[in-house]
Each structure stands twice: as structure tokens, then as C-alpha cells.
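This report concerns only the one structure given below.
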Amino acid sequence: MARKRNTEAAPAAAAAPRSRFDRLDALRGVAIVWMAIFHFCYDLNYFGFIHQNMLADPKWTLQRTGIVTLFLLCAGAGQEIASRQGQPLDRFWKRWAQIAACALVVSLASWAMFPRSWISFGVLHGIALMLLVLRATAPLGRAWFVLGLAAIALPHLVQHPFFDTRLTNWVGLVTRKPVTEDYVPLLPWIGVMGLGYAVTREALRAWPRWLSGALPRAFGPLALLGRWPLTFYMLHQPVLIGLVMAWVALSR
């Protein structure tokens with residue numbers, strides 16, 4: 001009888017694995033490749049190999065907006081999928097702690113390299129805060145369509161000098177963009193993540209194969225890359241900067 005109970009318990013324990021959404025991973029992989037190319041161009045510009053106004057020229061600023069938008073849409077979609085699969089709270093907090101720790105590392109590293117424009121609230125800081133907001137408001141569900149659009153519109157309608165300091169600019173209602181290497185405030189970007197969450201929530205109800213369907217084999221490498229966004233984000237710039245610095249040294 002004891003042996004029978006053990007064999008019956010095995011399927012219950014095996015039910016825990018969560019399926020991957022390869023299409024979402026591949027979309028995140030596209031964002032990762034795009035980001036790496038953009039940052040490599042930024043590094044070439046910083047070291048003087050090319051000469052571009054990457055902080056003001058629309059062909060660069062719009063790319064940055066597109067990259068961040070794609071990442072946050074995927075993050076919102078990922079939160080809906082995790083919620084749907086019953087992600088335990090301890091798993092959420094473990095992942096959140098990893099993101100928050102990496103955000104701190106980014107701040108310290110950028111302060112050492114760019115003391116006048118170090119990153120106090122960049123994309124990882126923003127994602128860490130937005131995940132908390134989205135987790136707390138997930139029961140609102142479909143309301144995030146309206147909340148998301150409102151969050152995107154609000155910084156265009158409301159600005160105040162109070163939010164122009166490093167202690168307050170994380171909100172996003174600034175009168176001028178801060179001097180920093182990366183800036184992804186709560187507003188408007190929580191709106192983008194919220195829309196990713198809401199769209200995925202409704203799409204998986206109406207068109208379940210939209211994200212869960214099979215992925216063409218050619219996109220497999222992108223899906224594999226998209227499963228490691230945080231690791232890639234933390235490693236790609238040191239590697240790229242190291243390559244450019246090695247190029248500079250060899251040229252000399």
C-alpha cells in the first residue's frame with residue numbers, strides 16, 4: 001500500500017513544471033539583439049569611431065524608445081503568463097530581488113564610469129518598481145487598458161519642478177529630462193507594461209495559440225536568447241566596451 005501511495009503522488013509532484021512560451025521568448029530575443037546593436041553603436045560613438053548625436057537625433061532616440069517599449073511589453077506579457085500559471089510568491093520575490101540587485105550594480109558601475117550622468121533610475125530600476133505595481137494591481141485585469149493609456153498620457157499633461165531632482169524624477173512628471181545615461185521612470189512606462197499585461201490577458205482567452213503556438217525552427221536561437229534577458233543585459237555592455245577598448249589599444 002505504501003508503494004502504491006508513492007506512485008500516485010508522483011504525477012502530482014510532476015505537475016509543477018511550467019511551459020515556455022517560445023513566441024514570447026523570441027520576441028524578447030529580438031529586443032535583446034536590437035539593444036545590443038544600439039549599445040554597440042553607442043560605444044563606438046563614445047570612443048570616437050563614429051560621430052552621432054545619440055541623445056537628440058530621432059533616428060537614435062526613437063530606436064531607444066522602441067527597444068524599451070518592446071522589453072516592457074514582453075515584461076507585462078510575462079507577468080500575465082506567470083499569474084496564469086500560478087507563480088508562487090517566493091518565486092516572484094526571488095526574481096524581483098535579482099533585478100533590484102542588478103539595478104544597484106548598474107548604478108554603482110555607471111557612477112564610476114559617468115560620475116556626472118550616472119544611472120539613478122534606469123530600465124532595471126523601472127522594471128523592479130513596475131513589477132511591484134503590476135503585481136499589486138493584477139486583479140484589475142481589463143482595467144489596465146484604460147490605466148495604461150492614462151499612464152502614457154499623464155507626463156504629457158502634468159509636469160512640475162518638484163519631480164526634477166534625483167530623489168523624485170523616478171515618478172516621471174519632470175519638466176526636463178535629467179542628465180543621465182539611462183532614464184525609465186514609472187510614468188509613462190508603467191502604462192506600456194500594463195498594456196502588455198492586459199493585451200496578453202485578453203489574447204490568451206480569445207486566441208490561446210497567439211503566444212503558445214509552435215515557433216518556426218529558424219527563430220529558435222532568438223527564443224533561447226530571450227530566456228536569459230537579465231544575464232545578457234548585465235554582461236553585454238562590459239563585453240562590448242571591452243572589445244572596443246581592445247580595438248583602441250591595438251590600433252595604437
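The condition (being at pLDDT 95 or above and not in a helix (DSSP H, G or I)) is satisfied by just one residue among ILE152, ILE119: ILE119.
Evaluating GLN237 against the criteria (1) open to solvent by 20 Å² or more (accessible area, probe 1.4 Å); (2) polar (S, T, N, Q); (3) outside any helix (DSSP H, G or I) leaves one unmet condition, (3).
Scanning region 19-44 for residues that are without any contact (Cβ under 8 Å) to a residue 60 or more places away in the chain and open to solvent by 40 Å² or more (accessible area, probe 1.4 Å) gives TRP34, ILE37, TYR42.
The single residue among PHE71, PHE92, PHE47 that is crowded, with 18+ Cβ neighbours inside 10 Å and of a type outside the set (Ser, Thr, Tyr) turns out to be PHE71.
One residue stands out among those in region 114-143 that are of a type outside the set (A, V, I, L, M) and farther than 17 Å from TYR183 by Cα: the one that is surrounded by the fewest Cβ atoms within 10 Å (Cβ to Cβ), which is PRO139. TRP228 meets the conditions (1) under 19 Å from HIS125 (Cα atoms); (2) touching a helix residue (DSSP H, G or I) at 6+ places or on another chain (Cβ under 7 Å); (3) not aliphatic (A, V, I, L, M) in every case but one. The failed one is (2). Open to solvent by 30 Å² or more (accessible area, probe 1.4 Å) and touching a residue at least 24 places away in the same chain (Cβ under 8 Å), is that true of TRP111? When the stated conditions are applied, TRP111 does not pass them.
Of all residues in region 166-177, which are within 17 Å of GLY126 (Cβ to Cβ) and either free of Cβ contacts under 8 Å to residues at least 24 places away in the same chain or open to solvent by less than 30 Å² (accessible area, probe 1.4 Å) (or both)?
To start, the set of residues in region 166-177 that are within 17 Å of GLY126 (Cβ to Cβ) comprises 166-174, 177.
Passing the criteria: LEU167, THR168, ASN169, VAL171, GLY172, LEU173, VAL174, LYS177.
Matching residues to (1) within 20 Å of the chain's Cα centre (by Cα); (2) exposed (fewer than 15 other Cβ atoms within 10 Å of the Cβ); (3) modelled with pLDDT of 95 or more; (4) assigned to a helix (DSSP H, G or I):
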position: GLY194; (1), (2), (3), (4): yes, no, yes, yes
position: ALA203; (1), (2), (3), (4): no, no, no, yes
position: LEU215; (1), (2), (3), (4): no, no, no, no
position: PRO221; (1), (2), (3), (4): yes, yes, yes, yes
position: PHE232; (1), (2), (3), (4): yes, no, yes, yes
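Within region 83-105, the set of residues being under 20 Å from TRP189 (Cα atoms), of a type in the set (A, V, I, L, M) and in contact (Cβ under 8 Å) with a residue 40 or more places away in the chain comprises just one member, ILE99.
Residues checked against (1) within 15 Å of LEU73 (Cα to Cα); (2) of a type outside the set (Asp, Glu); (3) touching a residue at least 60 places away in the same chain (Cβ under 8 Å):
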residue: LEU186; (1), (2), (3): yes, yes, yes
residue: MET193; (1), (2), (3): yes, yes, yes
residue: ALA198; (1), (2), (3): yes, yes, yes
residue: ARG205; (1), (2), (3): no, yes, no
residue: ALA214; (1), (2), (3): no, yes, yes
residue: LEU224; (1), (2), (3): no, yes, yes
residue: TRP228; (1), (2), (3): no, yes, no
residue: THR231; (1), (2), (3): no, yes, no
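Of everything in region 155-192 that is outside any loop (DSSP other than H, G, I, E, B) and of a type in the set (Phe, Trp, Tyr), the residue that is farthest from ALA103 (Cα to Cα) is PHE162. If only residues of region 234-248 that are free of Cβ contacts under 8 Å to residues at least 40 places away in the same chain and within 22 Å of LEU108 (Cβ to Cβ) are counted, the one that is farthest from the chain's Cα centre (by Cα) is GLY242.
The values are calculated or read from the model by the stated rules, or taken from the named source; none is laboratory data. These figures come from a predicted structure and were not determined experimentally. Every residue, glycine as well, gets a Cβ built from its backbone with ideal geometry; the counts of neighbours run over all protein chains shown. Please note that ligands, DNA and RNA were not included when accessible areas were found on the heavy atoms of the full protein model with its side chains. Shrake-Rupley method; radii C 1.70, N 1.55, O 1.52, S 1.80 Å.
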